[in-house]
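First the structure, in the form of structure tokens, and then the observations on it.
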Amino acid sequence: MSRIGKRPISIPNKVTVSIDGQAVAVKGPKGELSRVLPAEVEVVQEGETILVKRRDDSRVARQRHGLSRTLVANMVEGVSQGFQRRLEIIGVGYRAQVQGKNLILNVGYSHPIQIEPPDGIQMAVENNTNVIVSGIDKEIVGNTAARIRAVRPPEPYKGKGIRYAGEVVKRKAGKAGKK
């Protein structure tokens, strides 16, 4: 049995979960999320915990079991605490700023890059070089952070670009000098 799938999900205070067939809706202090889970799993609420069980032992059901449990756990954590991803901008003259809701990046192109956040995502900038993407849906937060990083991914020679906080960029040696 899936080791992740059989772990129960505890429901914190101020969070309510409603299960209607395959649709799971979670409401908490930060907001509200809902998702329709695959037909191979069923969600059961027992007191202050949620259990995700698979309907049979088919290959597809086994594949969806751990995934569904993780999706529900992320929904519960998102509406209670929220998620955030931090990005660092490294390079001479590279900087970011928030204008209204949009993020403006100056990262070595001839023009500034403007990124518009999806609904439910907030962007903040610290020290012109640290970008914080936060929201209640882990999937959208991660995708938005990946879109920002894709504007100028870190390059291996000087390490310039946009990287996740704590990301290690493997450096390469440059050209060999003249002798």
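The values are calculated or read from the model by the stated rules, or taken from the named source; none is laboratory data. Since this is a predicted model, take the numbers as computed values, not measurements. So basically every Cβ, Gly included, is an ideal-geometry build from the backbone, and we count neighbours across all protein chains shown. These accessible areas exclude ligands, DNA and RNA; they are computed on the full protein's heavy atoms, side chains included. Shrake-Rupley method; radii C 1.70, N 1.55, O 1.52, S 1.80 Å.
Among the residues of the stretch 8-33, those identified as open to solvent by 80 Å² or more (accessible area, probe 1.4 Å), outside any loop (DSSP other than H, G, I, E, B) and free of Cβ contacts under 8 Å to residues at least 24 places away in the same chain are T16, D20.
In the set L67, L51, only one residue is in a helix (DSSP H, G or I), closer than 22 Å to E139 by Cα, open to solvent by 30 Å² or more (accessible area, probe 1.4 Å) and hydrophobic (A, V, I, L, M, F, W, C); that residue is L67.
Yes or no, residue by residue, for (1) touching a Lys or Arg at 6+ places or on another chain (Cβ under 9 Å); (2) surrounded by fewer than 16 Cβ atoms within 10 Å (Cβ to Cβ):
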{"position": "G91", "(1), (2)": "yes, no"}
{"position": "A96", "(1), (2)": "no, no"}
{"position": "T129", "(1), (2)": "yes, yes"}
{"position": "I140", "(1), (2)": "no, no"}
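Here is a check on your reading of the model: is Q114 within 29 Å of M75 (Cβ to Cβ), part of a strand (DSSP E or B) and open to solvent by 70 Å² or more (accessible area, probe 1.4 Å)? When the stated conditions are applied, Q114 does not pass them. Annotation: M123 fulfils all but one of (1) touching a Ser or Thr at 6+ places or on another chain (Cβ under 6 Å); (2) aliphatic (A, V, I, L, M); (3) over 21 Å from P8 (Cα atoms); the unmet one is (1).
What residue, among those in the stretch 117-127 that are in contact with a strand residue (DSSP E or B) (Cβ under 6 Å, 6 or more places away or on another chain) and open to solvent by less than 50 Å² (accessible area, probe 1.4 Å), is farthest from R152 (Cα to Cα)?
Kept after step one, since they are in contact with a strand residue (DSSP E or B) (Cβ under 6 Å, 6 or more places away or on another chain), are these residues of the stretch 117-127: 117, 120-125.
Retained after the next criterion (residues that are open to solvent by less than 50 Å² (accessible area, probe 1.4 Å)): 117, 120-121, 123-125.
Values: P117: 17, G120: 24, I121: 21, M123: 18, A124: 18, V125: 17 Å.
My answer is G120.
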